[in-house]
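Shown next, in structure tokens, is the structure this report addresses.
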Amino acid sequence: MTSTTHHPLEDGATEHYDVVVIGAGVSGLYALHHLRGMGLSVRVYDGAPEIGGTWWYNRYPGARVDGPSAPLYCYTFSDELVQEWDWTETQAAQPEVLAYVEYVADRFDLRRDIRLETWVQDARYDEATQRWTVETSTGLRASAQFVVCAVGALSVANKPDIPGIDDFGGECFHTGDWPQEPVSFSGKRVGVIGTGSSGVQSIPEIAKEAAHVTVFQRTPQYSVPARNRPLEPERLAEVRKNWDAIRAEMAAPPQGADFAPFPGNGRSAFEETPEQRHALYEELWQEGSLSFVAGNYPELLMSEEINREVSEFLRGKIRQVVRDPETADKLMPDYFYATKRPILDDGYYETFNRDNVTLVDLRQDPIETITSTGVRTATREHALDMLVLATGFDAITGSMLRLDPKGRGGVSLKEKWQSRFHNYLGMTINGFPNLFMIHGPGTPGVLYLMPLGAELETDWIANCVRYLRDQGLGAVEPTHDAEKTWDREVTELANKTLFPRTDSWYMGSNIPGKPRHFSVHLGGPGYFQRIVEVAAKGYEGFVFEEEHRAASTAG
Ligand SMILES: Cc1cc2nc3c(=O)[nH]c(=O)nc-3n(C[C@H](O)[C@H](O)[C@H](O)COP(=O)(O)OP(=O)(O)OC[C@H]3O[C@@H](n4cnc5c(N)ncnc54)[C@H](O)[C@@H]3O)c2cc1C
């Protein structure tokens with residue numbers, strides 16, 4: 001396919017491209033590689049000082065992938081890359097993943113089309129030219145026929161609105177925006193607020209060094225051992241040898257299951273005795289990693305009864321580890337296991353046996369205020385030198401709403417998504433022609449292997465762009481009806497499961513005032529089959545607009 005916008009041209013203060021990609025994380029980098037490979041002119045903007053997104057920001061101690069055992073957290077588009085990169089651990093740590101992403105950027109010569117430290121602050125669609133104009137924090141303006149938002153599902157750090165938080169006089173860091181310089185905990189009294197995945201990963205590491213750690217816990221969490229270990233060369237060799245089959249398996253829709261992020265082990269829990277089920281839970285717990293969910297019964301997230309049994313099994317593990325019964329009681333989770341993001345740890349519960357760790361249960365002893373010297377809860381003052389906010393993200397919709405693009409008629413995304421997100425296939429939005437999202441709400445996103453998901457979504461977007469160009473068309477957007485159907489499908493899939501019964505960031509519950517809707521498409525690999533079918537049916541649910549030739553002369 002030939003590019004109509006050839007190369008970035010200077011037109012006053014505006015640069016012109018075929019595609020502007022927002023975000024230089026795992027998704028944006030692949031989008032650049034793939035779209036540029038089609039002959040399109042592409043520019044990537046990222047507000048961060050370096051590429052890597054998640055893996056640039058989340059440098060807190062203990063940060064590592066928390067999916068199934070490696071090396072599945074990786075790009076799959078290049079066989080050479082699979083052969084070249086030697087993963088060293090089964091659950092790669094943040095520095096290794098960041099080094100991998102940087103290697104990919106250099107290997108495929110991506111950096112020349114990326115502008116860093118450049119926030120896109122405004123994006124507006126012009127109906128006459130069928131193009132987007134983006135304004136950036138550096139004063140640079142760009143126009144493009146297409147915008148691809150690779151802005152991250154977990155990229156807007158959630159700073160909690162606790163009274164006095166800005167008055168704290170010590171060091172204060174958010175796990176999702178960790179400083180680039182090394183942070184020393186040595187000899188310090190550290191308070192950690194939050195016990196989601198980042199808190200559970202970082203608390204054991206901080207406790208090894210700090211004088212004292214006070215953990216402020218609002219919600220006790222289930223966590224399963226990550227069982228991270230060095231990746232044996234034999235395992236790596238085996239993966240490389242069987243890569244085609246492994247990749248196919250990663251992307252294959254499970255047979256007969258319409259609920260698919262964790263399709264299960266294919267055995268029915270109800271056809272096995274309680275003893276057999278318990279033996280499976282024990283086996284999976286020993287194995288650790290996300291296998292505890294992925295290898296569990298398919299009923300885990302569908303059946304209250306089975307989920308209660310699994311949840312009780314995990315509570316039993318906490319009781320076995322934590323020596324002080326009062327602390328163990330405070331650590332007992334009481335939601336349906338895996339309806340919040342499944343957490344993997346390396347010695348989390350054991351950390352509460354240390355003399356230098358205190359647990360504060362905020363349900364019994366809530367924070368009243370943060371002071372210049374620490375945290376005051378209902379019962380006492382906790383003097384601190386450092387605060388670590390492990391309070392997660394304004395997940396899934398947060399980065400799109402912060403971008404707040406303006407579509408047809410100047411309507412903003414914030415207006416459109418006031419009561420809930422509306423989109424089609426999780427990637428396109430009615431009223432926002434030629435704009436695509438990767439890992440947007442309504443995709444499998446955070447409940448899938450995200451590098452692979454980004455590749456598959458980008459491939460779909462690229463094919464849609466190719467189709468439009470080949471037909472001599474100017475703009476594409478989904479119909480309002482297609483969006484309504486998609487909204488319903490996402491909700492109906494979720495309602496078959498236990499997910500909506502728990503307050504979680506999948507539901508938007510961690511952000512005050514955020515509309516409460518389940519925002520992940522639970523089709524898993526089946527989702528990707530579905531979007532290919534939509535394209536095969538001539539982009540069912542989309543309308544294409546003729547090219548406004550006279551107006552579309554930019555470049
Ligand atoms: C600790 C941790 C562990 C994880 N482990 C796993 C795992 O095991 N498996 C898995 O699949 N996923 C995991 N994830 C999810 C992870 O976010 C994804 O795997 C992946 O890195 C997302 O890449 P992305 O490019 O879509 O988004 P991000 O990496 O979030 O990148 C988005 C980029 O967009 C930029 N941006 C946003 N808005 C703008 C704007 N307006 N202007 C300019 N730039 C902008 C941001 O600066 C950021 O660099 C983990 C996440 C965390 C936090």
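Yes/no matrix, rows are residues, columns are (1) buried (at least 17 other Cβ atoms within 10 Å of the Cβ); (2) closer than 26 Å to S155 by Cβ:
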residue	(1), (2)
G474	yes, no
T485	no, no
E489	yes, yes
R516	no, yes
L522	yes, yes
Y527	yes, yes
G538	no, no
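Applying the set (1) within 22 Å of I343 (Cβ to Cβ); (2) in a loop (DSSP other than H, G, I, E, B) to R267 leaves exactly one unmet item: (1).
Filtering L401, L359 for residues that are in a helix (DSSP H, G or I) and either touching a helix residue (DSSP H, G or I) at 6+ places or on another chain (Cβ under 8 Å) or among the acidic types (D, E) (or both) leaves a single hit, L401.
The combined condition, being in contact with a Gly (Cβ under 9 Å, 6 or more places away or on another chain), among the hydrophobic types (A, V, I, L, M, F, W, C) and either near the ligand (Cβ under 10 Å from one of its atoms) or farther than 28 Å from L284 by Cα (or both), is fulfilled by L98.
Within the stretch 469-490, residues that are farther than 21 Å from G407 by Cα have Cβ atoms under 6 Å from residues that are part of a helix (DSSP H, G or I) in no pair, counting only partners at least 6 apart in sequence or on another chain.
Evaluation of T5 against the conditions (1) more than 8 Å from the ligand (Cβ to nearest atom); (2) closer than 29 Å to A245 by Cα; (3) at pLDDT below 95 shows that the sole unmet condition is (2).
For the stretch 77-112, a residue qualifies if it is surrounded by 20 or more Cβ atoms within 10 Å (Cβ to Cβ), closer than 19 Å to I246 by Cβ and polar (S, T, N, Q), and the qualifying residues are T90, Q91.
Number of residues in the stretch 78-100 that are β-branched (V, I, T), within 21 Å of the chain's Cα centre (by Cα) and over 13 Å from T54 (Cβ atoms) equals 1. Residue-level check: of (1) of a type in the set (G, A, S); (2) farther than 30 Å from V532 by Cα; (3) not in a loop (DSSP other than H, G, I, E, B), S372 misses just (3). When residues in the stretch 493-502 are screened for being within 22 Å of the chain's Cα centre (by Cα) and either among the basic types (K, R) or loosely packed, with under 15 Cβ neighbours inside 10 Å (or both), 2 of them pass. Close contacts from the stretch 38-67, counting a first residue that is free of Cβ contacts under 8 Å to residues at least 40 places away in the same chain and under 29 Å from S289 (Cβ atoms) and a second that is within 6 Å of the ligand (Cβ to nearest atom) and not polar (S, T, N, Q), with Cβ to Cβ under 6 Å and a gap of 6+ residues or different chains, come to V65/Y73.
Inside the stretch 41-54, can you point out the residues that are more than 6 Å from the ligand (Cβ to nearest atom) and among the acidic types (D, E)? Correct list: E50 only. Residue-level analysis places T443 among those that are touching a helix residue (DSSP H, G or I) at 6+ places or on another chain (Cβ under 7 Å) and either farther than 25 Å from P512 by Cα or assigned to a loop (DSSP other than H, G, I, E, B) (or both).
Looking at the stretch 411-419, is at least one residue outside any strand (DSSP E or B), under 26 Å from S155 (Cα atoms) and among the basic types (K, R)? Yes, the stretch 411-419 contains at least one residue that is outside any strand (DSSP E or B), under 26 Å from S155 (Cα atoms) and among the basic types (K, R). Being under 30 Å from I318 (Cβ atoms) and modelled with pLDDT of 95 or more holds for only one residue in S197, S268, and it is S197. Can you work out which of the residues in the stretch 21-40 that are of a type outside the set (A, V, I, L, M, F, W, C) and farther than 22 Å from L403 by Cα is farthest from the ligand (Cβ to nearest atom)? For the stretch 21-40, the residue satisfying everything is G39. Can you give me the ranges of the helices (runs of 4 or more DSSP H) entirely in the stretch 161-263 with at least 2 residues that are within 16 Å of the ligand (Cβ to nearest atom), at negative phi and surrounded by 20 or more Cβ atoms within 10 Å (Cβ to Cβ)? It comes to 197-209. Among the candidates D365, D404, D394, D355, the residue that is on the phi < 0 side of the Ramachandran plot and within 16 Å of the ligand (Cβ to nearest atom) is uniquely D394. Residues of the stretch 60-95 that are near the ligand (Cβ under 9 Å from one of its atoms) and either in contact with a His (Cβ under 9 Å, 6 or more places away or on another chain) or among the hydroxyl-bearing types (S, T, Y) (or both): Y60, Y73.
Which members of the stretch 139-160 meet the condition of being surrounded by fewer than 19 Cβ atoms within 10 Å (Cβ to Cβ) and either β-branched (V, I, T) or more than 16 Å from the ligand (Cβ to nearest atom) (or both)? Correct list: P160 only.
Whenever a residue of the stretch 94-118 is among the small types (G, A, S), its partners that are away from the ligand (no atom under 12 Å from the Cβ) and part of a helix (DSSP H, G or I), lying with C-beta atoms within less than 8 angstrom and at least six residues away or across chains, give the pairs A105/R111. Confirm whether V310 is of a type outside the set (S, T, Y), in contact with a Leu (Cβ under 7 Å, 6 or more places away or on another chain) and free of Cβ contacts under 8 Å to residues at least 60 places away in the same chain. Taking the combined requirement at face value, the residue satisfies it. Apart from one condition, S504 fits all of (1) at pLDDT 95 or above; (2) of a type in the set (G, A, S); (3) more than 16 Å from the ligand (Cβ to nearest atom); the exception is (3).
Among the residues making up the stretch 101-138, a single one is over 26 Å from the mean Cα position of the chain (by Cα), part of a loop (DSSP other than H, G, I, E, B) and within 15 Å of the ligand (Cβ to nearest atom): T138. Residues considered: T428, T377. Of these, the only one that is in contact with a Pro (Cβ under 7 Å, 6 or more places away or on another chain) and buried (at least 23 other Cβ atoms within 10 Å of the Cβ) is T428.
The values are calculated or read from the model by the stated rules, or taken from the named source; none is laboratory data. Please read these numbers as outputs of a predicted model, since none were measured by experiment. Please note: Cβ atoms are built from the backbone with ideal geometry, for glycine as well, and neighbour counts cover all protein chains shown.
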